[in-house]
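Worksheet: one structure, shown below.
Any read-out appearing in this document is the output of simple, stated calculations on the displayed coordinates, not a laboratory observation. Keep in mind that what you see is a predicted model, and the values were worked out from it rather than measured. All Cβ positions, glycine included, derive from the backbone under ideal geometry; neighbour counts span all protein chains shown.
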Amino acid sequence: MSEIAHTPEPWRIESVEDWFNIVGSDGSRAASDGSAAGEYGPDMSMENGRRIVACVNALQGVSTEKLEEAAKLGITDVSMGNLFSSRLKLQTKLREAEQEIAYLNSRLNGGV
């Protein structure tokens, strides 16, 4: 999995007067509705912000590359997404188990 280059999860909505920011777990701003600066139109509503946060948090731990791969494969609904996410997690666990087995084999064969 590639190094995380985006704002770390979980994300949250942070309301500021009559506008809001989407903030990461480290406190950095991932996005803003921009209404204070007039940057965005009405498309960046609170409901869109909530949806962005919910999607990002639901996919925590899945790399952007894997998400793009899933989209290319047509995996766009929740059940398929859950299966894809489970597959990725199982692949990670398998790699960890393989590394542990290799380590234990090296110990049994007079290694470290």
Between ALA31 and residues 5 or more places away or on another chain, the pairs with built amide H atoms under 5 Å apart involve ILE22
Subtracting the Cα-Cα distance of LEU83 and ILE101 from 0.36 nm times their residue separation yields 3.8 nm
Residues PHE20, PHE84 in order from fewest to most other beta-carbon atoms within 10 Å are PHE84, PHE20
